[in-house]
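A quick write-up on the structure given underneath.
The values are calculated or read from the model by the stated rules, or taken from the named source; none is laboratory data. Note that the coordinates shown come from a computational prediction; the quantities given were computed from them, not determined experimentally. Glycine also receives a Cβ, built like all others from the backbone with ideal geometry; neighbour counts cover every protein chain displayed.
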Amino acid sequence: MFSSQEYLDRKTGPYGIGRLSYLQSLVTEFQDTSDEEAKEQVLANLANFAYDPINYQHFKKLNVVDLFLDCLEENNEKLIEFAIGGLCNCCLDKDFKQHIINSGGIDLVIRCLSRSEEQTVMSAVTTLMYLSTPESKQAITVLPVVECMLRFSECDNKLLANLAQVFLQDYCTPAQIREARDIQRQMAGQFSNVET
């Protein structure tokens, strides 16, 4: 549910903690704590706040998108899951989208496609679709990504399979899909030759 400033003012009252102050306290807690579980909880909260555009002006002041991007390079799977979820939630905002693209975010998101957590992978696929612009599309639909989407489109997880199908249909050219299928056939041939 999206909030209005008037709704937030009514809810918190004249002396309630402001949204900016609350988000600032979350960012500060994330930066100051060494407890991994506390970091996970804080990042999950920030990712949830990324749903509501009323928070975006505060996110910009607090560099929350940069925090999400930094967490994509962590070794903690939960931090990565919440970070990519946060990016997915806010990257339709044109300023955030451009910032993510300009900050090398596409490559970081692509790396999430090989993570073990399916939720992380689904958020990464969705984020790539949201980040697609005429300028970024070529970087997003590189051959390894298209080949990855072909594999996902045949997986047992129906949500991921359907998401991959949408990616292939809406963002990839028939030539890109053919080239990726050719690579898959070549790889399958190499594996069968090794086994015999």
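Quickly run through region 56-77 and pick out the residues that are assigned to a helix (DSSP H, G or I) and among the aliphatic types (A, V, I, L, M).
Answer for region 56-77, where residues must be assigned to a helix (DSSP H, G or I) and among the aliphatic types (A, V, I, L, M): 62, 64, 65, 67, 69.
Given the conditions (1) within 30 Å of residue 79 (Cβ to Cβ); (2) touching a Ser or Thr at 6+ places or on another chain (Cβ under 9 Å); (3) β-branched (Val, Ile, Thr), and given that residue 142 satisfies all but one, which numbered condition is not satisfied?
Every condition holds for residue 142 apart from (2).
Condition first: out of contact with any helix residue (DSSP H, G or I) (no Cβ under 7 Å at 6 or more places or on another chain) and not basic (Lys, Arg). Now tell me which residues in region 96-115 satisfy that.
Let us first name the residues in region 96-115 that are out of contact with any helix residue (DSSP H, G or I) (no Cβ under 7 Å at 6 or more places or on another chain), namely 98, 102, 104, 107, 111, 114.
Scanning region 96-115 gives 98, 102, 104, 107, 114.
Would you pick out the residues in region 73-115 that are under 9 Å from the mean Cα position of the chain (by Cα) and of a type in the set (S, T, N, Q)?
Hit for region 73-115 is 89, nothing else.
Do the conditions hold for residue 135, that is, is it of a type outside the set (Lys, Arg), more than 15 Å from the chain's Cα centre (by Cα) and within 26 Å of residue 59 (Cα to Cα)?
Yes.
Yes or no: residue 6 at pLDDT 85 or above, outside any loop (DSSP other than H, G, I, E, B) and either charged (D, E, K, R) or outside the structural domain of residue 80 (by TED's automatic domain parsing) (or both)?
Here the answer is no, as residue 6 does not meet what is asked.
Look through 196, 173 and report the one residue that is at pLDDT 95 or above and either assigned by TED's automatic domain parsing to the domain that holds residue 101 or among the hydroxyl-bearing types (Ser, Thr, Tyr) (or both).
Only one candidate qualifies: 173.
Output the qualifying pairs, or none if there are none: Cβ atoms under 8 angstrom, residues six or more apart or on different chains, first residue in region 45-67 and over 20 Å from residue 80 (Cα atoms), second residue part of a helix (DSSP H, G or I) and among the β-branched types (Val, Ile, Thr).
58/64
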